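Peer 1: Dropping the structure in here first, questions after.
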Amino acid sequence: MEERYAIEMRGICKNFGRVAANKNVSLNVKPGEILALLGENGSGKTTLMNMLSGIYKPDSGTILVNGQETVIHSPEDAKRLGIGMVHQHFKLVDVFSAADNIWLGDEHSGPLLKKNRCDVIRQMAQKFGFDIDPQKKVYNMAVSEKQTLEIIKVLYYGAKIIILDEPTAVLTVQEIDKLFAVLRRMKAEGHAIIIITHKLNEVLEISDRVAIMRRGESIGTVDTAQATEQLLTERMVGRKVTLNIDCPTVEKTRPLLEIRDLTIRNDEGATAIDHVSFYIRGGEILGVAGIAGCGQKELCEAIAGLRPIETGMMIHKGDNIVGLSPKAILEKGISMSFIPEDRLGMGLAPSLSITDNMLLKNYGETKGPFVDRKSGRAAAEQVIQELEIVTPSTETPVRRLSGGNVQKVLLGREIKSGPNVLITAYPVRGLDIHSSYAIYDILNRQKKDGVGILFVGEDLDVMMGLCDKILVLCHGKVMGVVHAHKTTKEELGLMMTGALDLSSKYADKPAGIARDSRIEEVEP
Amino acid sequence: MNGSSDVLTLFLFNIVLVNIPLLYGTVGEILTEKAGSLNLGVEGTMAVGAIFGYLAGCATDSLLTGLLTAFAAAGLCGGLFALLTVTLQANQNVTGLTITTFGLGLYFFVGKGLGERWPAMTDVPALVRGFTAVEVPVLSRLPVAGKALFSHNVLVYLGVLIAALAWWYLNYTKTGLRLRAVGENPAAADSVGVNIQLYKYVHLIAGSGIMGLGGFYMALNMSGSFEGSNCWINGYGWIAIALVIFANWNPLLAILGTLVFGFFNTLQIYAGALAGAFPGALGWLNALPPQMFKALPFLITAVVLIATSVRKREGPGQPASLGLNYFREER
């Protein structure tokens with residue numbers, strides 16, 4: 001018998017208005033196979049997968065499920081066909097328990113909510129080898145727990161074809177290993193798996209074949225065994241690229257920003273940052289590594305003046321900035337760009353144009369009650385040109401741009417104000433290689449100009465390449481500051497989980513306190 | 001029984017009798033809002049239910065026909081709201097206000113149009129009989145509470161029954177679970193195969209239908225006398241919207257909310273009588289300006305809003321996607 005595909009997509013086209021998201025795309029995956037779907041941002045991967053999960057309908061082309069030609073009208077149809085998708089932004093009801101989130105789509109056990117529904121889910125999860133508390137509410141869950149819940153949900157509905165859209169973007173190294181173990185087990189059980197990811201090392205590690213997309217078209221499929229990072233990148237980007245992250249050596253200045261003994265509470269009132277000290281010199285990039293939700297967000301907000309602090313000092317060029325308004329801090333040259341998980345939530349107004357978003361930061365500088373759109377447009381044009389932002393015009397609403405371009409707009413605006421300290425959190429979150437490297441270049445250029453950069457990141461490989469030093473946080477405490485080029489991923493991983501504490505490695509020099517500190521010069 | 005105890009009993013009796021329509025309106029709006037739709041058309045919907053229910057009830061001399069017609073007419077308002085906001089994705093606030101304007105307009109148009117042919121309740125004995133008090137066996141013989149709570153017309157009991165059923169439905173059935181999911185996160189519900197449009201339509205229509213029953217009740221309680229200047233509903237629809245928040249989107253708490261609001265609502269009428277009956281304890285009621293009693297229910301809403309927002313996450317039953325239209329292909 002000839003081999004049957006679990007999914008076969010032939011000649012799929014999908015347009016959004018005048019923009020072709022998918023042009024004649026073909027793709028197939030066999031049962032018991034893991035297919036990686038690779039492509040830059042905006043290359044149409046998610047759109048393609050959404051047509052399998054019933055969110056979008058293709059304009060033309062055919063979809064075959066288990067050899068049968070089918071039309072998928074809705075998520076309901078997809079579910080019936082055994083297709084389950086774990087979306088990048090989880091589709092969970094926050095106020096429901098884990099069990100109720102699964103129960104929501106259950107179609108077999110009668111009209112009433114049974115008392116034993118939590119037990120049923122617990123047993124089912126154990127059968128698949130997951131550990132989950134069915135009564136836990138989603139809003140109390142960590143990101144990895146939510147993802148586990150999404151996977152259990154998909155399996156509970158009996159999916160044989162499982163699509164994961166950037167599942168590793170929000171996980172730590174250890175959690176990714178766990179996820180991959182799960183995927184391998186599902187593969188062994190005969191599930192067909194499609195995984196979207198930007199991380200090439202993950203593609204090489206987990207997949208059997210790689211399908212590559214570029215600007216809405218399928219470029220072809222490669223057997224993972226024959227692939228290398230270099231080859232995949234070239235096919236994805238369409239030309240040769242170098243994969244080394246630059247870390248230029250720049251003469252460092254005295255500390256620009258010094259944080260001493262800082263304690264901050266989070267929204268719930270718990271301690272988010274616990275007696276943290278560090279400093280940033282001009283011309284260096286200080287990385288901040290840590291498991292998601294370890295106080296990174298609170299730290300960034302505190303420096304930008306958006307969150308009150310409990311105790312501690314924040315000294316900028318010898319001036320105390322504690323208690324200053326966000327605007328005053330901005331005027332001192334401290335600029336903050338934070339890319340939250342949904343990538344649009346902070347810093348930009350999604351429905352406003354690039355011009356208007358540029359004006360958001362300096363509308364107060366012009367005299368009189370009217371907005372100076374001319375200068376805003378000029379600023380927008382300059383940023384578009386310098387950072388190679390792909391956009392129809394300066395008047396396009398920001399939310400219409402693809403992720404990488406949105407992030408470039410945000411970063412571009414922050415740089416435009418000519419900061420001397422740049423706080424940037426997750427600037428490459430969810431970006432493809434090409435856009436990521438563009439962002440690294442931007443940061444390195446700033447560094448060469450003598451700007452001190454705080455880089456809150458996720459990908460340890462990137463941080464080890466880009467940063468000069470890395471500060472590791474674990475539950476709001478400093479586990480130590482290490483030289484980025486002398487440390488190892490394992491060492492960082494151990495520090496992130498709190499297993500290794502290097503904060504008092506050198507008795508004569510406590511971590512995060514500069515020898516040439518300016519704090520002593522500050523009036524008490 | 002002495003006179004002052006009678007005044008108290010009558011006061012408590014009227015809290016229930018006069019304010020039960022609030023419960024209908026509130027429960028109907030809770031069902032609507034749990035589907036993620038904020039329908040500000042309660043006032044108009046109740047007016048439509050009231051006038052068509054009353055006319056049909058009089059025409060057939062039957063309480064049941066009146067109820068069914070009120071439900072259907074108000075349900076049509078809900079259907080119109082659903083058509084505009086769910087299918088055509090119109091703004092919910094504006095649509096709700098439109099429904100109110102439309103409903104009140106229709107009420108006066110029909111009422112004034114009938115003129116002399118307006119039916120009177122004196123001609124429909126069966127309908128009147130249907131609306132007279134039924135004493136609950138045993139319970140109605142309790143002192144004070146027996147008269148105040150258990151000697152009412154069937155529509156009072158029906159209202160409480162609907163509230164209890166709605167509570168059970170929301171919390172103990174799978175359709176109820178899905179409905180709540182639609183109001184919280186329609187994209188999540190959609191991704192597991194819940195038919196969002198169907199759920200919205202059904203519950204918006206049913207919710208409006210229940211509001212209509214409340215309107216019908218008010219028509220009967222006002223003895224069906226049509227005045228050209230004042231609508232029977234008289235702002236109850238707006239209070240119901242506030243009561244939804246007071247009840248934290250819980251139909252059982254809506255019963256309590258109705259009684260609390262009803263207490264202050266009825267107090268303005270009985271303040272004088274109560275002060276007269278208990279001059280020692282309640283004499284000070286006479287000293288208060290009557291406008292204050294009118295303002296009290298809303299003051300309480302404000303206090304409740306503050307209290308619920310302080311509680312933050314765990315507390316509020318407010319659906320997260322309330323007031324937002326859902327479009328699957330939204331990017």
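Each reported figure results from applying straightforward, stated rules to the coordinates on display, with no laboratory input. Not measured: the values here are computed from a predicted model. Don't worry about glycine lacking a Cβ; one is built from the backbone with ideal geometry, like all the others, and counts go over all protein chains shown.
Peer 1: Please give, to one decimal in nm, the separation of the simple spin-label points placed at A:Gln382 and B:Ala59, each 7 Å out from Cα toward the Cβ.
Peer 2: Going by the 7 Å Cα→Cβ label model, 7.4 nm.
Peer 1: List the extent of the Cα atoms of chain B along each of their three principal axes, largest first, rounded to whole Å.
Peer 2: 69, 52, 40
Peer 1: Along Cα→Cβ, 7 Å out, is where each label goes; now give me the distance between the ones at B:Asn195 and B:Asn234 in nm to one decimal.
Peer 2: 4.3
Peer 1: Here's another thing I want to ask about it. So, how do all the Cα-to-Cα distances of the range A:252-341 break down into 5 Å bins, in percent, from 0 on up?
Peer 2: 3, 13, 25, 27, 21, 9, 2, 0
Peer 1: B:Gly111: net charge of surrounding residues, Cβ under 13 Å, Lys/Arg +1, Asp/Glu -1, itself excluded?
Peer 2: Working: positive: B:Lys112, B:Arg117; negative: B:Glu116, B:Glu227.
With Lys, Arg at +1 and Asp, Glu at -1, the net is 0.
Peer 1: On to the next question. Taking each residue in A:134-143, count the Cβ atoms of any other chain within 10 Å of its Cβ, then average. What number comes out? The partial results should precede the final answer.
Peer 2: Details: counts 0, 0, 0, 2, 2, 2, 1, 0, 0, 0.
Average per residue, whole number: 1.
Peer 1: Based on the Cβ-Cβ distance from B:Arg141 to B:Val110, what FRET efficiency comes out when R0 is 35 Å, to the nearest 0.05? Please report the intermediate quantities before stating the final value.
Peer 2: Details: r = 43 Å, r/R0 = 1.23.
The calculated FRET efficiency here is 0.25.
Peer 1: Let me ask something else about it. Could you tell me the largest-minus-smallest coordinate of the C-alpha atoms of chain A on each of the three principal axes, in descending order and whole angstroms?
Peer 2: Projected onto its principal axes, the Cα set of chain A covers 80, 52, 49 Å.
Peer 1: Measure of size requested: the Rg and Dmax of the range A:350-417, with Cα atoms as the atom set and Å as the unit; please supply both.
Peer 2: 11.2, 35
Peer 1: Still on this structure, please answer the following. Please list 3J(HN,Hα) in residue order for the range B:90-101, calculated via the Karplus relation 6.51 cos²θ - 1.76 cosθ + 1.60 where θ = phi - 60°; whole Hz, with x for glycine and proline.
Peer 2: Taking θ as phi minus 60°, the curve returns 6, 4, 5, 4, 5, 4, x, 5, 4, 4, 5, 4 Hz for the range B:90-101.
Peer 1: Hey, another quick one. Can you sort B:Met211, A:Met463, B:Met222 so the residue with the fewest Cβ neighbours within 10 Å comes first? Display every interim value, and only then the final one.
Peer 2: Working: B:Met211 41, A:Met463 23, B:Met222 16.
If I rank by nearby Cβ atoms, fewest first, I get B:Met222, A:Met463, B:Met211.
Peer 1: Which of the trypsin sites (Lys or Arg not before Pro) across the range A:357-408 are loop residues per DSSP, with 11 or fewer other Cβ within 10 Å? Kindly include the intermediate steps, with their values, before the conclusion.
Peer 2: Values: sites: A:Lys361, A:Lys367, A:Arg373, A:Lys374, A:Arg377, A:Arg399, A:Arg400, A:Lys408; in loops: A:Lys367.
Those that pass, being in a loop and sparsely packed, are A:Lys367.
Peer 1: Per-residue ellipticity at 222 nm for chain A, helices alone: DSSP H runs ≥ 4 residues times -39500 (n - 2.57), over residue total, nearest 500 deg cm²/dmol? Don't skip to the answer; put the middle values down first.
Peer 2: Working: 16 runs with 160 residues, N = 524.
Taken over chain A, the calculation gives -9000 deg cm²/dmol.
Peer 1: To continue, here is another question. Just for the range A:7-237, what percent of DSSP beta bridges are antiparallel, to the closest 5? Walk me through the numbers on the way to the answer.
Peer 2: Numbers: 22 of 40 bridges.
Bridges in the range A:7-237 are about 55 percent antiparallel.
Peer 1: Under the rule of -39500 (n - 2.57) per DSSP H run of 4 or more residues, summed and divided by the residues of chain B, what mean residue ellipticity at 222 nm is obtained, to the nearest 500 deg cm²/dmol?
Peer 2: For chain B, the value works out to -23500 deg cm²/dmol.
Peer 1: If I take R0 = 22 Å and measure r between the Cβ atoms of A:Leu204 and A:His89 in this structure, what FRET efficiency does the formula 1/(1 + (r/R0)^6) give, to the nearest 0.05? Mind showing how you got there, number by number?
Peer 2: Details: r = 26 Å, r/R0 = 1.19.
Result of the calculation: an efficiency of 0.25.
Peer 1: With θ set to phi - 60° and the Karplus curve 6.51 cos²θ - 1.76 cosθ + 1.60, what are the ³J(HN,Hα) couplings of the range A:69-81 in order, to the nearest whole Hz, using x for Gly and Pro?
Peer 2: So the Karplus estimates, Gly and Pro as x, are 6, 9, 10, 9, 7, 8, x, 4, 4, 4, 4, 5, 7 Hz.
Peer 1: Out of residues 5 or more away from B:His152 or on other chains, whose amide H comes under 5 Å of its own, with H placed 1.01 Å from N in the peptide plane?
Peer 2: Excluding prolines and chain starts, which carry no amide H, the hits are B:Val134, B:Val136.
Peer 1: Now for a separate question. Taking loop as defined by DSSP and a crowding limit of 15 other beta carbons within 10 Å, which GluC sites (Glu not before Pro) in the range A:387-431 fit? Before the final figure, lay out each step's value.
Peer 2: Values: sites: A:Glu388, A:Glu395, A:Glu414; in loops: A:Glu388, A:Glu395.
Sites meeting the loop and neighbour criteria: A:Glu388, A:Glu395.
Peer 1: Further question on the same structure: For chain A, the longest stretch holding no chymotrypsin sites (Phe, Trp or Tyr not before Pro) located in a DSSP loop with at most 11 other Cβ atoms within 10 Å is which?
Peer 2: A:1-369
Peer 1: Once the Cα atoms of helix B:42-60 and of chain B are each reduced to a long axis, what angle between those two axes, in degrees from 0 to 90 to the nearest 10, is obtained?
Peer 2: The answer is roughly 70 degrees.
Peer 1: Per-residue counts of other Cβ atoms within 10 Å, averaged by peptide: what ranking do you get for B:66-72, A:289-295, highest first?
Peer 2: Numbers: B:66-72: 23.4, A:289-295: 21.9.
Final packing ranking: B:66-72, A:289-295.
Peer 1: Report the rotationally averaged projected area of the range A:7-237 based on its alpha-carbon convex hull, in square nanometres. Please list the in-between numbers first.
Peer 2: On the way: hull surface 51.1 nm².
Seen from a random direction, the Cα hull of the range A:7-237 projects 12.8 nm² on average.
Peer 1: Also, I was wondering about something else. Quick one: putting +1 on the C-beta of Lys and Arg, -1 on the C-beta of Asp and Glu, what dipole do you get for the protein assembly as shown around its Cα centre, in Debye to the nearest 20? Spell out each step's value before the answer.
Peer 2: Values: 81 positive and 82 negative charges, 135 e Å.
Value, rounded to 20: 640 debye.
Peer 1: Through the Karplus equation 6.51 cos²θ - 1.76 cosθ + 1.60, θ set to phi - 60°, convert the phi angles of the range A:128-143 into ³J(HN,Hα) values in whole Hz; use x for Gly and Pro.
Peer 2: Computed from phi, the couplings for the range A:128-143 are 7, x, 10, 10, 8, 9, x, 8, 5, 6, 4, 5, 8, 8, 6, 4 Hz.
Peer 1: Nearest 5 is fine: what % of DSSP beta bridges in the protein assembly as shown come out antiparallel, could you say?
Peer 2: On the way: 46 of 82 bridges.
Just about 55 percent of them are antiparallel.
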